Structures are given as structure tokens and as C-alpha cells.
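Computed from the coordinates by the stated procedures, all read-outs in this text should not be read as laboratory data. In this text the structure is predicted, and so the values were computed from the model without any measurement. Neighbour counts run over all protein chains shown; Cβ positions are idealised from the backbone, glycine included.
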Amino acid sequence: MRDKSRNTLLIVLVMLVAVLAGCNQEQRATGPAPEPEVATVVVRPRPVTLTTELPGRISALLVSEVRPQVGGIIQKRLFREGADVKAGDVLYQIDPAVYRAAHDSALASLARAEAALEPARLKAGRYADLVKVNGVSKQDNDDAQAAYGQAKAEVAAARAAVQKARIDLEYTRVTAPVSGRIGRSSVTPGALVTANQATPLATVQQTDPVYVDVTQSTGDLLRLRRALADGKLRKAGADGAKVKLLFEDGTTYAQEGALQFSDITVDPGTSVVTLRALFPNPRRDLLPGLYVRAVLEEGVNEHAILVPQAAVTRDSKGNPVVMLVSAGNTVERRSIRVERVVGSDWLVGDGLAEGDRVIVEGLQKIRPGAKVRVVDAGSPPASAAASATAPAPAPAAPAGAASAGNATTGAAPAAKQ
């Protein structure tokens, strides 16, 4: 039994040695492994317009709440809800009967005051001459002059009363304070309204053009100002930064806007600053209160370095790194600093220079210090090109003639050699 086990172990060892010898022979026959292929892009600084996307809301250029300035019963509503109105158009008619009567009464009081003024003026003139020759006493003259002054004051008061009564009468015709589109009416004919009531009768909004109010963090604002001051960025245009709008479904608004101003106060609760842009709105697509995303042009980086996002990985600490091909086609690992995403690329702030070759394809096959074979990004690898142009394999021979066919194909090369 022991001899049998020893014989079995000896057979296994012999077979293992044979397998290892065969592997060594195969490795010697195939030679060393080929260098892995990688695709690279060459770093070339170029000018890039930097943008930022911020949330915002649409607000009307002008908003006016229509309120009555006198009280009374609404007789008529003279507009169609949702229609365009012009400044001065009559929107409501309040019952004017009481105010017309007050105006007539004020006119009558003015006429009475003007009638009393003329005798007082004549008497004051006569007494002024008589007092010089002692024809009347000074007291009588003083009384005449005072009566004349009082008569003039009564005329002035009567004229003011007429003016007020006329204004109140005109206020019975409630007009549009601004031009724009009017919303729904909160009252109907027959409703009682009061002067300067809290609830507006209607609201008129001018929506062409419109404002877009967006918010930006103070950190981003300070970073932008420092970049402009240091010369890293230049302004996108002399007429102010251009702004584009994106709707909630991702579509782009056809018209471009312009940044108008940045608020001078920071919201203490959120640490953001409000920016306001002006947009044309001829088709009324932008409605007040609508949520949008504004794409603002911050400036132009004249020497921006961009690398594809696929080329940037992270180390164990989370820092961005790239793989480069250095002199001698050797792989080099380098840490970089990225600032933001620009389309499908990273904007690199530090770590790369012009002429660096960044590996974008084949990262899974390499390690730092390894030798590689470089191809341009986007071109197919050499192995793929070879397989694409290689002829198709010959069809398999019938089972009965397999050995004969192999022998024939094997003998032919030998004869050629």
C-alpha cells in the first residue's frame, strides 16, 4: 500500500514538472507581453467663456394694484380680464351722483364768495383814501381792510373746495395707472368699495420686458471679482454680461437678456446676493412668478486648460489626479486642482502646463512608471485595426477530411521555406 502511494505521488510530480516546462516553453515562444496602448490629448490653453447657472424667478417690469380713491357703488366694469390696457383707460365706474352734487355745491359757494369779494374790495379802497384826509376813523379803515382780506380768503377756500370736488368726481372713473396686462377683477358691478381699501380691485402688470431675479452666493461673487481684478478673467462684453434662460423642462428661451445690476445688500439669512437681468418678452412666454434657471456669462478665461472628465480620477484622499505620458513614453501620475465643469471637461486651475500629454483612454491597463504605446484620442487601437482588416477564417473542413486538410496546410509552408 505504501509503495502504491509513493508511485502515485511520483506520477503527480512528473506531470507537474511537465506542465511547468510546457508553460515556460510557451512563454519563450510568445516572447514578452506587448506594451499597453493608451490614448492621450495634448494640453493646449485656449480662451473659454465661463458661465454659471443660477435659479431665479420672473417678475414684471411694472406692477400696479388698482384701488379706488373714493367710496361708492361700482356701476360698471369696463375691461376684459386678461386683456392689455393702456395708462388712463377707464376700468371701473363708481356711482358719481353724490360727488357731482358736491361739485355743484362747491361751485355755488365759490360764486357766493366771489360776489362778496367785490363790495369788500371797493369799500377797502374808499376807506384807504378817506383815512388820509381824516374822513373816516382809522378803526373803520382797519375794519374795511380786514373785511376785504377775509373775502379774498373765502374765495380762495371756495376755489380749493371746487378743485377737491372735481378731483373726487374724476376719481369715480377708476383708470389704469400703467400700461400692461390686467388680471382678474376682485369685484363685480353692484359691489361697495371704499377709498384706499386693502384689497385691490385688479392688478396691472407690464410684462414686456420682464425682470429675472436670481441669487448668487457671496463666495462665488467674491471669487469672480478677485478673478477679474487679478486679470485671470476679462469681462464678456462692454454692454454687460449676457444671460440665457432655461425653463423647468430644460428648453432654452429664444431671447437673450442682459444683466442689469447686483444688489448692494447681502441677505443675512442665506448669505446670497440678488442679481437682476432684463429680458424681452414679446410673446408673453415669461409669466411673473415662473421658476427659471439663468445662465450668466461671468467672463472669458484667455488661457483656460481643459481636460476630459474621463481623464480625471481621485486618490485615496479624494484629490483629483491625472495620468500623463512623460518623456520616453513612461506613465506619470500627477495631482491637479480643478475649478469647475465646462461642458464635458474639467477646468484645471493648477497642475498642468501646455504640451502635457494626458491619458484619456486605457487607464485601467497602466500604472505609474510603466511603458506605453501612445495613440491619438479617438483613433482605434492598433490591435483593433488589425482585427478589422484581417481576412475571415476559412470554413471548417468536413469531419472525415479534417486530418488530411490539416496535413496539407501544414506541409505547404514547409515546402515554401
Separation between Cα centres of the stretch 264-281 and the stretch 113-136, rounded to whole Å: 70 Å
Here, the stretch 77-181 modelled as identical Cα point scatterers in vacuum has Debye log10 I(q)/I(0) at q = 0.17, 0.20, 0.24 Å⁻¹ of -0.82, -0.94, -1.09
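About its Cα centre, what dipole magnitude does the stretch 96-171 give when the only charges are +1 on Lys and Arg Cβ and -1 on Asp and Glu Cβ, stated in debye to the nearest 20?
It comes to approximately 100 debye.
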Mind checking the full-extension length gain between ASP142 and VAL98? Use 0.36 nm per residue of separation minus the Cα-Cα distance, one decimal, nm. 11.7 nm
Starting from the Cα of ASP350, step 7 Å along the direction of its Cβ; do the same at LYS132; then give the gap between the two resulting points in nm. 9.8 nm
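Taking only C-alpha pairs under 8 Å that are 6+ residues apart, what is the relative contact order of the stretch 96-171 in percent? Present the calculation step by step, with values, prior to reporting the outcome.
Working: 55 pairs, mean separation 39.6, N = 76.
This gives 52 percent for the stretch 96-171.
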Could you order the peptides 129-137, 274-282, 262-270 from most to least packed, using the average number of other C-beta atoms within 10 Å per residue? 274-282, 129-137, 262-270
